[in-house]
Amino acid sequence: MIKFLETISQSLNGLGFPALILLLGILEFSLGLYEKRWTKNERILDIVSFIFPPLVLAPVLAFLGLKFLPHIIPQYHNAFSWVPFIWGFFIIAIADDLTQYWYHRLHHQIPFLWRFHRTHHSAPYMGMAMASRQNIIYTFLFSQIYLTVILVYLGLGYPALFVRALKTLIVTFAHSSIKWDKPFYKYKILHPVAWVLERLISTPATHHAHHSSSTDDGVGYYKGNFGNMFFLWDVIFGTAHISRRYPKAYGISHYEGDEWYAQLLWPILKSKKEGSELSRRGPAVREDIVAEPVLSSADQHQPEFQTATIKSLNNLSPSAIN
Amino acid sequence: MKIDPQTQKSILRNALLSVFIYLLPIGLMFGSFYITGKRPWKQQQRTTSINKNINPINKKP
């Protein structure tokens, strides 16, 4: 069994994941899930993000694992290879995913960091096209990657193989516009499984809520749901929002299609869009655009809102940054 | 724009809890070794020293 899983993990960690992402992407397009929102600018940004960062990151990680660490701590190479597989698996899974939770959460809660993560949230759609979309500096400083390289050097390479495969699978499917978790909420018999699943790992419902263009409307919640592989961190730290529903709109309410190169390389390159967070004198965090209330013809005294993407300005805290 | 004190407080509180979570699998692992009496690191030391005796290339000058 373990050999079988090992073969699958090795294949996935090789060319398996790019192939899976391409296949899922084609399926999403065939089902029309991008709804003509994949404009030329978004297209270039998504494709460059998919190809370029891994090419830049690979030599850096290789240098760290093959040159730098053997030079500074040669005596610790494989020093912990005695750690039993199951414990190694948990140590790596927690170290990697909890570190990514913090990296992600701090980019939302510390205003200065938000613009490095904004590129991932600006996509007005969910799916394989935007799953790898990131500012290059954000990708480059992915803290958990370096931590994992160190743990692999110390001798936890074998369990790391499995963790990486499992994590990429969960994160990829959580970003997908194919809502694979829907049947778990629909059929009563599956509700207990859904209850465990949505608290343990990231699902389309919880992760789509994080990518919603609105928050605090009962569905969208970009102030939380920061978990990548495990959603459990959000449950433990009180940043979770579970609604079993999917947002009506994704992205950033004030997004005006900043140039792909600015989104990829901010702060080296700036956006030409006036007032954008990525523009030369743009704010670090721009406030959400609030939908205008429209008066219902039936009762003019009770204003209704056009969409479910309302966020009260009273609830707008400085930490509400995307 | 500054980070609000409420968020600051929750970050600090949760960071402390995270340290405990990071250490939890390591603590549980050693707990299981204590209960079962297993000492896998000693086994590795023995294997390493046997390898060094068999293969003189591994011997330190």
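Listed here are the helices (runs of 4 or more DSSP H) enclosed by the stretch A:81-139 that have at least 3 residues being open to solvent by 20 Å² or more (accessible area, probe 1.4 Å) and closer than 22 Å to A:Tyr221 by Cα: A:85-109, A:111-121.
Can you find even one residue in the stretch A:279-288 that is under 20 Å from the mean Cα position of the chain (by Cα), open to solvent by 30 Å² or more (accessible area, probe 1.4 Å) and touching a residue at least 40 places away in the same chain (Cβ under 8 Å)? No, the conditions are met nowhere in the stretch A:279-288. For the stretch A:84-112, filtering for residues that are closer than 15 Å to A:Tyr158 by Cα and either among the basic types (Lys, Arg) or more than 7 Å from every other protein chain (Cβ to nearest Cβ) (or both) leaves 7.
Residues checked against (1) in contact with a strand residue (DSSP E or B) (Cβ under 8 Å, 6 or more places away or on another chain); (2) open to solvent by 60 Å² or more (accessible area, probe 1.4 Å):
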| site | (1), (2) |
| --- | --- |
| A:Leu151 | no, no |
| A:Leu156 | no, no |
| A:Thr172 | no, no |
| A:Val193 | no, yes |
| A:Ile201 | yes, no |
| A:Gly218 | no, no |
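Does A:Pro53 fit the bill of being crowded, with 18+ Cβ neighbours inside 10 Å, assigned to a helix (DSSP H, G or I) and more than 9 Å from chain B (Cβ to nearest Cβ)? Yes; evaluated as a whole, the condition is true for this residue.
In the stretch B:21-40, what residues are among the hydrophobic types (A, V, I, L, M, F, W, C) and either under 23 Å from A:Ile236 (Cβ atoms) or touching a strand residue (DSSP E or B) at 6+ places or on another chain (Cβ under 6 Å) (or both)? Matches in the stretch B:21-40: B:Ile21, B:Leu23, B:Leu24, B:Ile26, B:Leu28, B:Met29, B:Phe30.
Sub-7 Å Cβ pairs linking a first residue in the stretch B:16-36 that is at the interface with another protein chain (Cβ under 7 Å from one of its Cβ atoms) and farther than 15 Å from A:Asp97 by Cβ to a second residue that is assigned to a helix (DSSP H, G or I) and open to solvent by less than 50 Å² (accessible area, probe 1.4 Å), at least 6 apart or interchain, are B:Ile26/A:Ile91, ordered by first then second residue. Would the stretch A:192-202 turn up any residue that is away from chain B (no Cβ under 14 Å), at pLDDT 95 or above and within 26 Å of A:Ser30 (Cβ to Cβ)? Within the stretch A:192-202, one or more residues are away from chain B (no Cβ under 14 Å), at pLDDT 95 or above and within 26 Å of A:Ser30 (Cβ to Cβ). Scanning the stretch A:111-138 for residues that are in contact with a Ser or Thr (Cβ under 8 Å, 6 or more places away or on another chain) and of a type in the set (Ser, Thr, Tyr) yields A:Thr119, A:Tyr125, A:Ser132, A:Tyr138.
The values are calculated or read from the model by the stated rules, or taken from the named source; none is laboratory data. Predicted, not measured: the structure shown is a model, and the values here were computed from it. All Cβ positions, even for glycine, are placed from backbone atoms using ideal geometry, and neighbour counts span all protein chains on display. For the accessible areas, the whole protein counts, side chains as well, though only heavy atoms, and no ligand, DNA or RNA atoms are used. Shrake-Rupley method; radii C 1.70, N 1.55, O 1.52, S 1.80 Å.
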